[in-house]
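The values are calculated or read from the model by the stated rules, or taken from the named source; none is laboratory data. Computed from a prediction, not measured in an experiment: that's the story for all the values here. No Cβ is skipped: glycine too gets one built from the backbone with ideal geometry, and neighbour counts run over all protein chains shown.
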């Protein structure tokens, strides 16, 4: 399954052997979705730190832009992960550029009006949009308008990944099941080039690669990371 991708490519990996043996990582130009179980948040923090690593260690030697759409960013969790990699936590936090949005309109303004300039300023190789769908579920935003803005933002992010040669990863976590969420989720999963779902079964986590331009879909038990995830979440 991995013959189409080589470790010499500039790929950002999770650094977790149970995943990396099948999925070698995100490449520049990717527009990906990471969703499902709450541990998606911790995996996003992990990628934000690993982004700083050199290419030979599964990073891309770059800073991260973190668009926080769900008030999820946790500097204590980031610091814990940074120490696991021998980094000074403060230096890591200084290379993760966080912008928070509290409404769908604020998030769309960050995406359309400031994101590309931030890429040029910080020379970042990774953009993470945390809990991308959540703000568009606000009932104060009319459903038709929310869907229109969301689709335009999604198309823009996909184009930005290719045009600026960066990795864009949109994440989201479980929400109340209702029609708007189902519609937004279907648009996002259809528009992404890579989709990864994290699920929990019988107390174990599973990594499901649902869509990828080169690799076949697969499901993997996350065998070696349950303790790590608990430690990071409890930071």
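State which residue is farthest from the chain's Cα centre (by Cα) when the search covers only region 181-198 and only residues that are assigned to a helix (DSSP H, G or I) and touching a residue at least 40 places away in the same chain (Cβ under 8 Å). Full working, then the answer.
Restricting attention to region 181-198, the residues satisfying the condition of being assigned to a helix (DSSP H, G or I) are 181-191.
The next check asks that each one be touching a residue at least 40 places away in the same chain (Cβ under 8 Å); those that pass are 181, 184-185, 187-189, 191.
Details: 181: 18, 184: 17, 185: 15, 187: 17, 188: 13, 189: 13, 191: 15 Å.
This residue is 181.
State yes or no: is residue 31 more than 20 Å from residue 124 (Cβ to Cβ) and buried (at least 22 other Cβ atoms within 10 Å of the Cβ)? Outline the logic, then answer.
Values: more than 20 Å from residue 124 (Cβ to Cβ): no; buried (at least 22 other Cβ atoms within 10 Å of the Cβ): yes.
Criteria not met by residue 31.
Does residue 155 meet the test of being touching a residue at least 24 places away in the same chain (Cβ under 8 Å), buried (at least 23 other Cβ atoms within 10 Å of the Cβ), under 17 Å from the mean Cα position of the chain (by Cα) and closer than 17 Å to residue 113 by Cβ?
Details: touching a residue at least 24 places away in the same chain (Cβ under 8 Å): yes; buried (at least 23 other Cβ atoms within 10 Å of the Cβ): no; under 17 Å from the mean Cα position of the chain (by Cα): yes; closer than 17 Å to residue 113 by Cβ: yes.
No; evaluated as a whole, the condition is false for this residue.
For the subset of region 79-91 comprising residues that are surrounded by 18 or more Cβ atoms within 10 Å (Cβ to Cβ) and free of Cβ contacts under 8 Å to residues at least 40 places away in the same chain, which member is farthest from the chain's Cα centre (by Cα)?
Here the answer is 87.
I'm trying to understand the selection: among the residues of region 44-77, which are touching a residue at least 40 places away in the same chain (Cβ under 8 Å), in a helix (DSSP H, G or I) and touching a strand residue (DSSP E or B) at 6+ places or on another chain (Cβ under 7 Å)?
Passing the criteria: 44, 47, 48.
Within the set of pairs 6 or more residues apart or between chains, which connect a residue that is closer than 19 Å to residue 202 by Cβ inside region 214-227 to a residue that is modelled with pLDDT under 90 and in a loop (DSSP other than H, G, I, E, B) with Cβ atoms less than 6 Å apart?
220/22; 225/16
Filter region 120-152 for residues that are buried (at least 18 other Cβ atoms within 10 Å of the Cβ) and on the phi > 0 side of the Ramachandran plot and give the result.
The one that is buried (at least 18 other Cβ atoms within 10 Å of the Cβ) and on the phi > 0 side of the Ramachandran plot: 131.
Can you tell me which residue among 57, 94 is surrounded by fewer than 17 Cβ atoms within 10 Å (Cβ to Cβ), at pLDDT 95 or above and more than 16 Å from the chain's Cα centre (by Cα)? Give the steps one after another, and end with the answer.
Working: 57 fails: at pLDDT 95 or above.
Testing whether each residue is surrounded by fewer than 17 Cβ atoms within 10 Å (Cβ to Cβ), at pLDDT 95 or above and more than 16 Å from the chain's Cα centre (by Cα) leaves just 94.
Is it the case, given these coordinates, that residue 125 is closer than 22 Å to residue 50 by Cβ, at pLDDT below 95 and under 15 Å from the mean Cα position of the chain (by Cα)? Let's see the steps before the verdict.
Numbers: closer than 22 Å to residue 50 by Cβ: yes; at pLDDT below 95: no; under 15 Å from the mean Cα position of the chain (by Cα): yes.
For residue 125, the condition - closer than 22 Å to residue 50 by Cβ, at pLDDT below 95 and under 15 Å from the mean Cα position of the chain (by Cα) - is not met.
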